[in-house]
Structures are given as structure tokens and as C-alpha cells.
Amino acid sequence: DSGVTQTPKHLITATGQRVTLRCSPRSGDLSVYWYQQSLDQGLQFLIQYYNGEERAKGNILERFSAQQFPDLHSELNLSSLELGDSALYFCASSPREGNPYEQYFGPGTRLTVT
Amino acid sequence: ILNVEQSPQSLHVQEGDSTNFTCSFPSSNFYALHWYRWETAKSPEALFVMTLNGDEKKKGRISATLNTKEGYSYLYIKGSQPEDSATYLCALEDSSYKLIFGSGTRLLVRP
């Protein structure tokens, strides 16, 4: 158990809908990262937050947005969902910025868009 | 577009064999190189983060080296065990803190 929690574990929804994925980092970790694992692609970095501020942006679609709250938990919002958004979404956390630290991954949320 | 490549794509070895994998990356904008171990139905688990050219890190039977000038890292497993069976991912972290993952090396260790 990495100490990173993600909810829900599974999510099934229809095309065009909007969902919110939630992540709680390890106690004391200030950075949160979101990743997407699709069937036909490797692990894709979406976005990073550090202490509430966006730190780095990867291949995140405009239909997707994220934020990190004052209590450091983070949410990833996916809207106008398409079949191709079906994937495993991971959240990871690390202690702080400045130096590259190991990232601790949560168990993931499996999203199925029908 | 930065590209991280891993080889081989998959590897089958016998228990007790030693093995190694390669991660190749563009050396421009290098910030750090991460190695992860990813077992089926679990989450990626961090093995190493390396930043300096010539860096060597070790964790039990697993070790890694880094060459930032030529853009490669090796992961070594000594005396492979069936529990080492997993996908081993490397990821380049660039100077803007973005991470680019390779597609991984799938290792199967036969008892």
C-alpha cells in the first residue's frame, strides 16, 4: 500500500457525460501527478500540481481539467466523454519539488465509457 | 517530441539467470531518469530516481546505471526470481518536470 488513495475504483458512464476522479496523496506529500493508461498506449503523463499550483502539463486534453485543493487532495475532471477516454487513470504523489523524488502511485480508477 | 525507448520489449528467463534491460532517451533537457516496477493488476512501484551522469543505484538484487551524455540507462537484475516477473518502466523527467514513459520491458521469470 503506497498511502495514495483514489476513488472510485471503477466507473462506468456513457459518452457525453462528465466524471470526477479523486486522489488523496500520501501524508505530507505536496506534489500530485495524474496519468492515463489506455489499452493501446503506454503510461501517459497528464498533469502535475504542487501545493495547489499547476506545475507541469503533459498530454492532457482540453476536455480534461484538474485541480489541487488546500488540503492537497486533487480531482481530475473529464467532460464530454468519448469511447477513447476509457482507460486506467492513476494518481501519484511525491514529497516536494526542487529535486526529483520517487513517485508513489495510487491503485488507479478504471473508467469505462460506453 | 521526446521519445523514450526500452528494449527488449519482453524477456523470458530462467530462475537464477541474471538479466538487463536498456532505456534510451534524448539527452537534451534531461532532469532525471525514473525506473518503475509494474506488476499485473497493481500500481507502478518506484525503484530508482537518478540524476547524475555515472550514477549507480542498487536495491537488493536490482541495480541501475545512468549515462546522460549518451542518453541511456541500464537496469540489472541478478539471480532473477519468479517474483521479479513484472513490467519494468523507465521515464524521462525533463527540465519542465514533464515525464515521458517508455513502453516497458515485460520480464517473465520461469521457475
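Being surrounded by 13 or more Cβ atoms within 10 Å (Cβ to Cβ), away from chain A (no Cβ under 14 Å), out of contact with any Ser or Thr (no Cβ under 6 Å at 6 or more places or on another chain) and of a type in the set (A, V, I, L, M, F, W, C) is true of B:Leu75.
Screening B:Thr105, B:Thr22, B:Thr65 for residues that are crowded, with 19+ Cβ neighbours inside 10 Å, under 15 Å from the mean Cα position of the chain (by Cα) and away from every other protein chain (no Cβ under 11 Å) leaves exactly one candidate, B:Thr105.
Say we look at region A:42-58 and pick out the residues that are within 9 Å of another protein chain (Cβ to nearest Cβ) and not charged (D, E, K, R); which of these is nearest to A:Asp71 (Cα to Cα)? Once the filter is applied, the top-ranked residue is A:Tyr50. Where the second residue is surrounded by fewer than 20 Cβ atoms within 10 Å (Cβ to Cβ) and polar (S, T, N, Q) and the first is in contact (Cβ under 8 Å) with a residue 12 or more places away in the chain and assigned to a loop (DSSP other than H, G, I, E, B) and lies in region A:34-53, which pairs have Cβ atoms under 9 Å and are six or more apart or on separate chains? As it stands, the answer is A:Ser38/A:Gln44; A:Ser38/A:Ser86; A:Leu39/A:Ser86; A:Gly52/A:Gln67, since those pairs meet every condition given.
Conditions tested, residue by residue: (1) at positive phi; (2) assigned to a strand (DSSP E or B); (3) without any contact (Cβ under 8 Å) to a residue 60 or more places away in the chain.
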| residue | (1), (2), (3) |
| --- | --- |
| B:Asn20 | no, yes, yes |
| B:Cys23 | no, yes, no |
| B:Ala64 | no, yes, yes |
| B:Gly79 | yes, no, no |
| B:Ile100 | no, yes, no |
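Confirm whether B:Gly60 is at positive phi, surrounded by 20 or more Cβ atoms within 10 Å (Cβ to Cβ) and not charged (D, E, K, R). No: the conditions fail for B:Gly60.
Every number here is computed from the coordinates shown, using simple stated rules; none is lab data. Every value quoted in this text rests on a predicted model; they were computed, and no experiment measured them. Positions of Cβ are backbone-derived with ideal geometry, glycine not excepted, and every protein chain shown enters the neighbour counts.
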